[in-house]
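A quick write-up on the structure given underneath.
The values are calculated or read from the model by the stated rules, or taken from the named source; none is laboratory data. Owing to the predicted nature of the structure, the values given are computational and were not obtained by experimental measurement. Ideal geometry is used to build each Cβ from the backbone, glycine not excepted, and the neighbour counts take in all protein chains shown. Please note that ligands, DNA and RNA were not included when accessible areas were found on the heavy atoms of the full protein model with its side chains. Shrake-Rupley method; radii C 1.70, N 1.55, O 1.52, S 1.80 Å.
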Amino acid sequence: MTSIRSVATGSHPAADEEQERMDPERAQGDAARTDAARTDTADDTAGEDTGGHADAGGQADAPESTPPLRLWGGRFAGGPAEALARLSVSVQFDWRLAPYDLLASRSHARVLHRAGLLDDAELTAMLGALDDLSDAVAHGRFRPTIEDEDVHTALERGLLERLGALGGKLRAGRSRNDQVATDLRLYLRDHARQVAARVTELSTALVGLAEQHVETPAPGMTHLQHAQPISFGHQLLAHVHAFARDTDRLRDWDRRASVSALGAGALAGSSLPLDPAGVAAELGFDRAFANSLDAVSDRDFAAEFLFIAALIGVHLSRLGEEIVLWTTREFGWVELDDAFATGSSIMPQKKNPDVAELARGKSGRLIGALTGLLTTLKGLPLAYDRDLQEDKEPVFDAVDTLLVVLPAVTGMVATMRVRRERLAAAAPDGFALATDVAEYLVRNGVAFREAHEAVGQLVAWCVAHDADMDEVSEDDLAVINPLLTADVRSVLSVRGALEARSAPGGTAPARVREQIEALGPVLDRDRAWAGS
Ligand code: ARG
């Protein structure tokens, strides 16, 4: 018996319950994670270790004398060293694959039946036990222990507890290598849709705000310097286009991720008459693997997912950075709702944009997850290597991060108050209409090079005289540059500047309205794919 404590006996029932209400699947993973971490702590005394498998209520699932179940003990004289067991165990994080592993097990049981390896009665008993185990897992009545090594071991224990020797038949023709690759694909295909749903909710909030600000002029910036006036709605929609590419990427990723690895076995396929294509179809995959070595060693789907997650993180970060700026006293474009702002423990006046900052900050860990996994993968010889166990934590962390950041950013965007007057007043600042004057001259036959020069002189004159361009008299204009006739002042209006940019994709309010209309079906399509 090792001194590694049972996962369940060390859990915090109240915290678990609360998490379970939010997401049962995650709560199980979290409980296991917390307790695995605790195996290192001083309170982990051998004396209080039961070594048994306890459920959430503290009841033992197995007698204390039962040795830990292992899926590979046959050729070994003794059990593993505790140091190896501690290094090797993954159940504290891979337990969240349990529902997917059970789903795949059901298909595998039916395949064994079709192959004549389970008779009718055995199949019925097997499916009944898998249903019962699924229910026990979903309600926390069956929990993993650290001694289970991984999710597959824990679930085989659950099956053996329910079926006795018959439970041992399910392992025929499959390996944890093809199982785990399939489980992770199932998990990710599910969660990619959840992420897409949350991204689409954020886009919906941004479009909602953009609709109110199609006509709101704002300073458009390059190099974070005033450049040309734009519609504030146009700026908000720029973020929506980035997020719409992300959801498009997820749908495109799903096409490639939709491959079942079951039937690949450890690496070479199976000598049993399995039906990989049938299993793939039952599990909702488009197809089964074409090469068994590739099936168990390919983690492109995980890396690609992490790239998309990292890019969503970068897009959230860029939006977050803008909102941080917009809420400063210097900009003052936006005020956050109290529910989405925080205070300072020492400065009573502070109202901080922590949601936007955390969105910006979390992009770092999303990028880290991607680089971590790519680094793990880069030197691996075919086929399966245990390094691949390191694929799960970055993927889970990326999913968890996005699912916690996205709703907060959506709430912040949906409730923030845009200070229209501040934006409108700032829109022409910084000689933002200078290009309009130059283009006016061009429309009257002046070469752009000369027009640029003339308006540059006008700006320099204004800077020297602390004047705005529309305050310069006709006489002064003529002295600055003879090309600057009095009528150039007719283009010195922000509204005119916006309306003039009416080429497709431009900031003219009519074009911004078109964009909003075109985004409608895009968001509908994303909602439909995400099942939300
Ligand atoms: N926990 C392992 C993983 O996540 C499962 C596969 C183990 N396979 C093996 N041959 N040891 O990759």
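Laid out as a table, the results:
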read-out: Unit charges at the beta carbon, dipole of the stretch 268-393: most positive-side option, LEU272, LEU382, PHE331; value: PHE331
read-out: Net length gained if the chain between GLN212 and ALA77 were fully extended (0.36 nm per residue, minus Cα distance); value: 41.3 nm
read-out: Candidate lysines for bridging to LYS350, where Cα separation is under 29 Å - those fewer than 8 sequence places away on the same chain excluded; value: LYS362
read-out: For ILE230, residues with placed amide H under 5 Å, excluding near neighbours; value: ALA218, GLY220
read-out: Mean projected area (nm²) of the alpha-carbon convex hull when the chain is viewed from all directions; value: 31.9
read-out: Percentage relative contact order, the stretch 434-492, counting C-alpha pairs under 8 Å, at least six apart; value: 38
read-out: Value of relative contact order over the chain, rounded to a whole percent, pairs C-alpha under 8 Å and six or more apart; value: 15
read-out: Computed accessible area, TYR384, all protein chains, 1.4 angstrom probe, square angstrom; value: 60
read-out: Computed magnitude of the charge dipole of the chain (debye, nearest 20; Cβ of K, R +1, Cβ of D, E -1); value: 940
read-out: Accessible area expressed per residue, the chain, with surrounding protein chains retained (probe 1.4 Å, Å²); value: 45
read-out: Stokes-Einstein diffusion coefficient of the stretch 434-492, Kirkwood radius over Cα pairs, 25 °C, 0.890 mPa s, in µm²/s; value: 221
read-out: Share of alpha-carbon pairs per 5 Å distance bin for the stretch 403-449, given as whole %; value: 5, 17, 12, 10, 10, 10, 11, 9, 8, 6, 2, 0
read-out: 15 Å Cα-Cα reach of LYS169 towards aspartates and glutamates, excluding residues that sit fewer than 8 places from it in its own chain; value: ASP119, ASP120, GLU122, GLU156, GLU161
read-out: Carbon plus sulfur fraction of accessible area for the stretch 251-392, probe 1.4 Å, in percent; value: 54
read-out: Helix-derived mean residue ellipticity, 222 nm - over the chain, DSSP H n ≥ 4, -39500 (n - 2.57), to 500; value: -19000 deg cm²/dmol
